[in-house]
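**Student:** After the structure tokens below, expect a handful of questions from me.
Values quoted throughout were computed directly from the atomic coordinates according to the rules given, and no laboratory measurement underlies them. Quick caveat, the model's predicted, so the values are computed rather than measured. Heads up, the Cβs are rebuilt from the backbone with ideal geometry, glycines too, and the neighbour counts pull from every protein chain shown.
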Amino acid sequence: MDKIDGNMTINDVIKAYPSTLSTFNTFGIDSCCGGANTLAKACQEKGVDLAAFLRALNEAAA
């Protein structure tokens, strides 16, 4: 089961899994100023595929 899902905020993910920071940068998701957004909202705003982003985050967090 995946640890990270689309309902988590960016801040929560980075705090729990600091190793994911580079994944945010790779996908162009602002991990600083947009930290209160959920992953789903951030992906929607940036036009990023949520499923692909979640897979990458969970791989980085493993």
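**Student:** Please state the relative contact order of the chain as a whole percent: Cα pairs under 8 Å, 6+ residues apart?
**Tutor:** Details: 64 pairs, mean separation 27.7, N = 62.
About 45 percent, as a whole number.
**Student:** Also, quick follow-up: How large is ³J(HN,Hα), in whole Hz, for each residue of region 42-58 in order, when computed from phi with the Karplus curve 6.51 cos²θ - 1.76 cosθ + 1.60 and θ = phi - 60°, using x for Gly and Pro?
**Tutor:** 4, 5, 4, 5, 9, x, 9, 5, 4, 4, 5, 5, 5, 4, 5, 4, 5
**Student:** OK, next. Over its Cα atoms, what ratio of radius of gyration to 2.2 N^0.38 Å does the chain give?
**Tutor:** Details: Rg = 9.8 Å, N = 62, 2.2 N^0.38 = 10.6 Å.
Normalised Cα radius of gyration, the chain: 0.93.
**Student:** Give me the dipole magnitude in Debye, nearest 20, for the chain about the Cα centre, with unit charges on the beta carbon: positive for Lys and Arg, negative for Asp and Glu. Intermediate results must be reported in sequence, preceding the final value.
**Tutor:** Details: 5 positive and 7 negative charges, 14 e Å.
Charge dipole, the chain, about its Cα centre: 60 debye, nearest 20.
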